[in-house]
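Chemist: Please find one structure pasted underneath; my questions will follow.
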Amino acid sequence: MSVFRAKSFQNHENVFFCWNAKANLRCIIAIHNTLRGPALGGCRAWAYQSEDEALDDVLRLSHGMSYKAAMADLALGGGKAVILLDSPDVRVTEKQLDAFAYEVEKLQGRYITAEDVGTTAQNMIQVRKITSHVVGLPRAEKGGSGNPGPVTAHGVFKGILAAVKHRLNQDDLSGLRVSIQGLGNVGAVLCELLHEAGCEILVYDINEQACKKAQADFGAQILPSEDLLKAEVDVFAPCALGGILDKDTVQMLKAKIVAGSANNQLANQEQDYQLKERNILYAPDYVINAGGLINASFEGEGYTRESAIKHVDRLADTLLEVFAYAEREDLPTGIAADHIAESRLKKKGI
Ligand code: NAD
């Protein structure tokens, strides 16, 4: 396995391989950069096919966190951790979490952990018994910032407003048709916000109950998965899985704007160009969905949701900056966002 020559290495400051036989812990902590501040990023517990796959995942995610924090204008760098599980049938154990927490503590605050796929807010309470370098604790815990979903939804809502202003030259959302894919922590709250703003809403979720609730509460129209993608709407908001925008689905879209919370919405960079060619305005995922990260970054004794939300509101101006830069430079918006993030990192000395 090559680390320095791995494609995803991308100038990481540190990569720590941690092993604790007693706890059966195999974990990798990647710190992409700490120039803007300590590296914040969740801890994923996953049964990877190979160590190479785990390394690639942690490096890619950690690099992404640097860009996300820079675009959210936080005094934070990017990092991530992965715990390698033995099989898909097992969950992370208390012993593994304790051993992981010791590794985080050893880094003396250069890396701050949080929950991610395969770990929970409850797990983070356990981690905090050993290290204070952890965020994403429930509201019931002292200083805890709680479920980030509603704050992320608020950010996506503000991002949609910015995209509508840019693409449709309209200051509000009333009368617009918006499709939402995925009605979980983020999508369900977004549905409510859009309903309050006077939108007509179309939805699909694999969870039938979630669809029925959106229909009952907000008059949402339920469509089969593919019909949702093909629907004549102003905005398509992907709030479920990553990779939803591939060659074929982008071709199907009749939306004028794509703006949602899902991470890694583009199957690959070609779709960034494809969306531009089709004149569909794409709000880059890591810019519009930064509300959760911003919320967690405010965690601590003085935490108030109001102050977190105030910072999240700034995300709309950042998106407008991305759209304007993309137009000026004749670039797809995803690449435009990367350029701005890189320039923000360079200003700090990279
Ligand atoms: P969630 O797990 O609460 O909800 C996801 C929803 O998507 C579920 O209701 C699920 O049934 C549905 N779903 C799964 N597969 C689907 C499919 N094929 N088609 C339609 N629906 C499907 O997750 P969440 O916290 O709401 O996050 C949604 C997305 O936003 C994820 O990609 C997540 O990584 C991203 N995100 C979330 C946050 C946050 O604060 N929660 C922050 C940043 C990014």
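Just so you know, all these numbers are worked out from the coordinates, no wet-lab data involved. Keep in mind it's a predicted model, so treat the numbers as computed, not measured. For neighbour counting, all protein chains shown are included, and Cβ atoms are generated from backbone atoms with ideal geometry for every residue, glycine included.
Chemist: Residues being of a type outside the set (A, V, I, L, M), within 12 Å of the ligand (Cβ to nearest atom) and under 25 Å from K158 (Cβ atoms): count how many of those fall in the stretch 222-239. Don't jump to the end; show me each part of the working.
Modeler: The first filter runs over the stretch 222-239 and keeps only residues of a type outside the set (A, V, I, L, M), leaving 224-227, 230, 232, 234, 236, 238-239.
The next check asks that each one be within 12 Å of the ligand (Cβ to nearest atom); those that pass are 224-226, 238-239.
Those left that are additionally under 25 Å from K158 (Cβ atoms): 238-239.
Number of matching residues: 2.
Chemist: Can you tell me which condition E196 does not meet? The list is (1) touching a residue at least 12 places away in the same chain (Cβ under 8 Å); (2) charged (D, E, K, R); (3) more than 17 Å from C239 (Cα to Cα), and all the others hold.
Modeler: (1)
Chemist: On to the next question. Is there any pair linking a residue in the stretch 173-185 that is in contact (Cβ under 8 Å) with a residue 40 or more places away in the chain and within 15 Å of I244 (Cβ to Cβ) to one that is assigned to a strand (DSSP E or B) and near the ligand (Cβ under 6 Å from one of its atoms), with Cβ under 7 Å and at least six apart or on different chains, and which?
Modeler: Listed pairs, sorted by first residue: Q181/Y204.
Chemist: Still on this structure, I have one more. List the helices (runs of 4 or more DSSP H) that sit entirely inside the stretch 273-350 and contain at least 3 residues that are surrounded by 21 or more Cβ atoms within 10 Å (Cβ to Cβ).
Modeler: Numbers: elements: 285-288, 291-297, 305-313, 315-329, 333-347.
Those helices (runs of 4 or more DSSP H) span 285-288, 291-297, 315-329, 333-347.
Chemist: Pick out the one residue from G219, G242, G187 that is over 26 Å from K68 (Cα atoms), of a type outside the set (V, I, T) and either away from the ligand (no atom under 11 Å from the Cβ) or within 19 Å of the chain's Cα centre (by Cα) (or both).
Modeler: Details: G242 fails: over 26 Å from K68 (Cα atoms); G187 fails: over 26 Å from K68 (Cα atoms).
Of the residues listed, the single one that is over 26 Å from K68 (Cα atoms), of a type outside the set (V, I, T) and either away from the ligand (no atom under 11 Å from the Cβ) or within 19 Å of the chain's Cα centre (by Cα) (or both) is G219.
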